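> The structure follows.
The values are calculated or read from the model by the stated rules, or taken from the named source; none is laboratory data. Because the structure is predicted, anything quoted here is derived from the model rather than measured. Neighbour counts are summed over all protein chains in view; Cβ atoms, including those assigned to glycine, are modelled from backbone coordinates with ideal geometry.
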Amino acid sequence: MKLLNGRTILIVEDEQMNRQIARSVLEMAGAAVVEAVDGQEAVRLVLSDQSQTIDLILMDISMPKMNGYDASLAIRQSTYPRAKEIKIYAITADIMCYEEGKWREARMNGVLEKPLDYRDVVKILE
């Protein structure tokens, strides 16, 4: 069963291998996947999403050009029509060392551990 059919997910990750793994997992569950290699590209993609098709943003934190915290805040403070309600989740390889206060300050909705499990994404989107 394709649990994520009809959903579009933006993966923001500077490591190509991590993007490929996340894409594979999400596409097997039926999602359409859009990729960005850093925070600047993510903000540009979201702001150009005129049809508002992105359902979820999975955002790495440590990236060149613009980190995930800054990108999340830029999206939240933008003129994008869904800026306040679009779900933005940090993704990290070491959830035990993750600082809760930082993702909350960046107005993210939560944190997911890498490698991604499509079941966690399904729960978020339900």
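> Looking at Leu58, Leu26 in this structure, which one is surrounded by 17 or more Cβ atoms within 10 Å (Cβ to Cβ), closer than 24 Å to Leu4 by Cα and modelled with pLDDT under 95? Step through it out loud before you land on a result.
Values: Leu58 fails: modelled with pLDDT under 95.
After ruling out the rest, the residue left standing is Leu26.
> A further question follows. Considering only residues that are assigned to a loop (DSSP other than H, G, I, E, B) and buried (at least 22 other Cβ atoms within 10 Å of the Cβ), look in segment 61-77 and name the one that is farthest from the chain's Cα centre (by Cα).
Taking segment 61-77 first, the residues assigned to a loop (DSSP other than H, G, I, E, B) are 61-67, 77.
Going one step further and asking which of them are buried (at least 22 other Cβ atoms within 10 Å of the Cβ), we end up with 61, 63.
On the way: Ile61: 10, Met63: 13 Å.
Looking at the filtered set, the residue picked out is Met63.
> Residue check, Gly6 against (1) at pLDDT 95 or above; (2) assigned to a loop (DSSP other than H, G, I, E, B); (3) farther than 12 Å from Ala71 by Cβ, all met but one. Which one?
The failed condition is (1).
> Report whether or not Ala90 is surrounded by 15 or more Cβ atoms within 10 Å (Cβ to Cβ), part of a helix (DSSP H, G or I) and free of Cβ contacts under 8 Å to residues at least 60 places away in the same chain.
Numbers: surrounded by 15 or more Cβ atoms within 10 Å (Cβ to Cβ): yes; part of a helix (DSSP H, G or I): no; free of Cβ contacts under 8 Å to residues at least 60 places away in the same chain: yes.
Taking the combined requirement at face value, the residue does not satisfy it.
> In segment 9-23, what residues are buried (at least 20 other Cβ atoms within 10 Å of the Cβ) and at pLDDT 95 or above? Working first, answer last.
Start the filter on segment 9-23 by keeping residues that are buried (at least 20 other Cβ atoms within 10 Å of the Cβ), which leaves 9-13, 22.
Those that are buried (at least 20 other Cβ atoms within 10 Å of the Cβ) and at pLDDT 95 or above: Ile9, Leu10, Ile11, Val12, Glu13.
> Just one of Leu73, Leu10, Leu58, Leu116 is among the aliphatic types (A, V, I, L, M) and touching a Phe, Trp or Tyr at 6+ places or on another chain (Cβ under 9 Å); which is it?
Working: Leu73 fails: touching a Phe, Trp or Tyr at 6+ places or on another chain (Cβ under 9 Å); Leu10 fails: touching a Phe, Trp or Tyr at 6+ places or on another chain (Cβ under 9 Å); Leu116 fails: touching a Phe, Trp or Tyr at 6+ places or on another chain (Cβ under 9 Å).
Only one candidate qualifies: Leu58.
> Given the structure, is Lys123 without any contact (Cβ under 8 Å) to a residue 12 or more places away in the chain and in a helix (DSSP H, G or I)?
Values: without any contact (Cβ under 8 Å) to a residue 12 or more places away in the chain: yes; in a helix (DSSP H, G or I): yes.
Yes.
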